[in-house]
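S.K.: A single structure is presented below for examination.
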Amino acid sequence: MRYNTLGLAGLAALAAASDVHDLTNESFEPFVNDHGLVLAEFFAPWCGHCKALAPEYEEAATELKAKDIALAKIDCTAEQELCQSFGVEGYPTLKVFRGPENIQPYSGPRKAQAIVSYMTKQSLPSVSLLQSSDALEEFKTADKVVLVGYFSKDDKTSNATFEELADELRDSFLFGATDDAALAKAEGVTQPAVVLYKTFDEGKNTFEEGFTKDKLAEFAKTASTPLIGEVGPETYAGYMAAGIPLAYIFAETQEERDSLAKTLRPVAEKVKGKLNFATIDAKAFGQHAGNLNLEVGTWPAFAIQDTQKNQKFPFTSQGSASDLTEKKIGKFVDDFVSGAVEPSVKSEPIPEKQEGPVTVVVAKNYQDVVIDNDKDVLLEFYAPWCGHCKALAPKYDELAGMFKSHSDKVTIAKVDATLNDVPDEIQGFPTIKLFKAGSKDAPVDYSGSRTVEDLAAFIRDNGSFKIDVTGASAESAEGVETDHMPNQAPAATEKASSVASDASSGAAGAVKSKISEAAQVVKGAMLEDEDVEDHDEL
């Protein structure tokens, strides 16, 4: 880990030369008032994820200093009141400040260049006006992907649509615009048009028809995705949120990944917009293959994941580049697109007998126990290695015992999400959802304290039958200690759990869509942090 390889002298030099500002309760507000844009990290010295972030944060601070964008940090063990005032529940928490009242969560990856890119976008207007060829040329290379609108001044509709899109997607892209017809002509486009410039593949794509916000958004999403990209900590969530399936190419060496990408490029071109392709480093992230029902350790390998339904389609031939030819993978992909490939379902055997008060769910009985009935079902998605799940277990058993006399209306259940495929992509462990009778398609996420009393109240308040069992159990509803402890452990395989997760802080409340659903199995496996077992979540 880069942070740990610095010697004591290196650490001292780093501290002395730091461009990250240390803030206290007294200095915080004056600092934020004096700087137009600030990224603040709320951290704890013992937090392994904070230690992993430190060198990336320092690097970003140095680069952003030249752009007059300040990075700061607050030690929440020393400044508890300040951290509590901003609702900090996990570490590290990053927030963007434009003054003390205008506060937004930082939603980008926690790598130096990603932080620089994100904060640069925040420092610019949603649409930058480009009045000269020099300004246009400079803007084209301001980020890996930028969008430029070429509109005449009197085209109010196109201008308004483009600005509306820019306001919504400013965290993802840089937007520029010009009304100079000569610049449009020099770029080979006719007003109105939008050109997406990128540092990969063909270099740019042009949009000239059907100027609606939805069509422009779809164009930006498709054109900005590399034909064959790479799954990594900065890209995984984006692929999960793309809305189309993802095809993984597992290989151990960069040379083999490049070779396979070249071989399969024609296949990827044929289904562009329907299926994303990406290579993945099998040495670093090979355990993720198990989540796709591939055999871990047999490389190269190929699999498709339907990110919306969380279905897995492993290509059964593994272990040789001769298995992953354009012809063989092309046919597999064609069959997948046409619906001719059945998803692979990983499941433990259905229990012959339910032991204990909590009903055990596996993939093969998931539909029957959870969905196809008229009961309220509280389901815990857990991992055997998860410390928080182990701490919850006796309380969850107690909860099930309290509802035993109401078993005709309420089921308390659990599923090992590492050994059973479940319909939803699970972001962390434990994840608890209530599948309410009559509306099983809209489960309610539980984000409260892990106490028997609070869980019972959650079922009472959100279930269809409003059953109240809390009165009889107040004495025994002693809570699992959660102070200074994050809410979830990151979803990953058992082996990958030995390295740190990268789920966002307060994930139960912050991750509302699949993107940030996403995830983050691969991210969890990416940080090398020996302290992970004490802090299962960012």
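S.K.: Checking the a/c ratio against 1.5 first, then a/b against b/c, what shape does the Cα gyration tensor give for segment 195-243? Write down the numbers at each step before the final one.
M.R.: Details: a/c = 3.30, a/b = 1.46, b/c = 2.26.
Here segment 195-243 falls in the oblate category.
S.K.: Given R₀ = 30 Å, what would the calculated FRET efficiency be for S259 paired with A114, taking r from the Cβ atoms and rounding to 0.05?
M.R.: Working: r = 28 Å, r/R0 = 0.92.
Efficiency at R0 = 30 Å is approximately 0.60.
S.K.: For the pair Q84 and D167, what calculated FRET efficiency results from E = 1/(1 + (r/R0)^6), where r is the Cβ-Cβ distance and R0 = 30 Å, to the nearest 0.05?
M.R.: On the way: r = 32 Å, r/R0 = 1.05.
Efficiency, rounded to the nearest 0.05: 0.40.
S.K.: Using a cut-off of 10 Å between beta-carbons, work out the net charge of the residues near S464 (Lys and Arg +1, Asp and Glu -1, S464 not included).
M.R.: Neighbourhood net charge equals +2.
S.K.: Using 7 Å Cα-to-Cβ label points, what is the A160/D441 separation (nm, one decimal)?
M.R.: Between A160 and D441, the simple spin-label model gives 3.4 nm.
S.K.: Mind putting a number on the dipole of segment 112-227 about its Cα centre? Charges go on the C-beta only, +1 for Lys and Arg and -1 for Asp and Glu, and I need it in Debye to the nearest 20.
M.R.: On the way: 12 positive and 20 negative charges, 44 e Å.
Dipole size: approximately 220 debye.
S.K.: Within segment 300-326, list the residues whose amide N lies under 15 Å from a label point set 7 Å along Cα→Cβ of K270.
M.R.: 324-326
S.K.: Suppose every K and R has +1 on its Cβ and every D and E has -1 on its Cβ; what is the size of the dipole of segment 307-381 about the Cα centre, in Debye to the nearest 20?
M.R.: Details: 9 positive and 13 negative charges, 72 e Å.
So the dipole magnitude of segment 307-381 works out to roughly 340 debye.
S.K.: Compare the Cα positions of G210, P245, T235 along the charge dipole of segment 203-328 (+1 at Cβ of Lys, Arg; -1 at Cβ of Asp, Glu; about the Cα centre) and return the one farthest towards the positive end.
M.R.: About the Cα centre, the residue reaching furthest to the positive side is G210.
S.K.: Using a 1.4 Å probe, what is the accessible area per residue for segment 209-297, in Å²?
M.R.: Details: 3650 Å² over 89 residues.
Solvent-accessible surface per residue comes out at 41 Å².
S.K.: Calculate the FRET efficiency for S132 and D22 from the Cβ-Cβ distance with a Förster distance of 45 Å, rounded to the nearest 0.05. Let's see the in-between values first.
M.R.: Details: r = 41 Å, r/R0 = 0.92.
For S132 and D22, the calculated efficiency is 0.60.
S.K.: Please work out the C-alpha center-to-center distance from segment 184-198 to segment 214-290 and express it in whole Å.
M.R.: 27 Å
S.K.: Also: Return the distance in nm (one decimal) between the two label points of a simple spin-label model at S464 and H35, each offset 7 Å from Cα along Cα→Cβ.
M.R.: 5.3 nm
S.K.: Would you mind computing Rg(Cα) / (2.2 N^0.38 Å) for segment 280-336, counting N as its residues? Walk me through the intermediate numbers first.
M.R.: Numbers: Rg = 11.2 Å, N = 57, 2.2 N^0.38 = 10.2 Å.
This ratio for segment 280-336 stands at 1.10.
S.K.: Separate question: Given the peptides 450-461, 430-441, arrange them by the average over their residues of other C-beta atoms within 10 Å, most packed first.
M.R.: Details: 450-461: 20.2, 430-441: 17.7.
By packing density, highest mean first, the sequence is 450-461, 430-441.
S.K.: What is the spin-label model distance, in nm, from E252 to E218 if the labels are put 7 Å beyond Cα along the C-beta direction?
M.R.: Spacing of the two 7 Å Cα→Cβ label points: 4.3 nm.
S.K.: Within segment 177-198, which residues have the backbone N less than 20 Å from the label spot 7 Å out from K153 along Cα→beta-carbon, could you tell me?
M.R.: Inside the label zone: 177-186, 190-193.
S.K.: Can you work out the Karplus-derived ³J(HN,Hα) for every residue in segment 281-298? Use 6.51 cos²θ - 1.76 cosθ + 1.60 with θ = phi - 60°, whole Hz, and x for glycine or proline.
M.R.: 6, 5, 5, 7, 10, x, 4, 5, 4, x, 5, 9, 6, 8, 7, 5, x, 9
S.K.: What are the chymotrypsin sites (Phe, Trp or Tyr not before Pro) within segment 384-433 that DSSP puts in a loop, where the Cβ has at most 14 other Cβ atoms within 10 Å? Could the numbers behind the result be given before it?
M.R.: Working: sites: W385, Y396, F403; in loops: W385, F403.
Passing sites in segment 384-433 do not exist.
S.K.: Here's another thing I want to ask about it. Report the charge-dipole magnitude of segment 215-297 in Debye, nearest 20, computed about the Cα centre from +1 at each Lys and Arg Cβ and -1 at each Asp and Glu Cβ. Present the calculation step by step, with values, prior to reporting the outcome.
M.R.: Values: 9 positive and 10 negative charges, 97 e Å.
Here segment 215-297 has a charge dipole of around 460 debye.
The values are calculated or read from the model by the stated rules, or taken from the named source; none is laboratory data. In this text, all values refer to a predicted model and were calculated from it rather than measured experimentally. We place every Cβ from the backbone using ideal geometry, glycine too, and count neighbours over all the protein chains shown. The accessibility values were calculated without ligands, DNA or RNA, using every heavy atom of the protein model including side chains. Shrake-Rupley method; radii C 1.70, N 1.55, O 1.52, S 1.80 Å.
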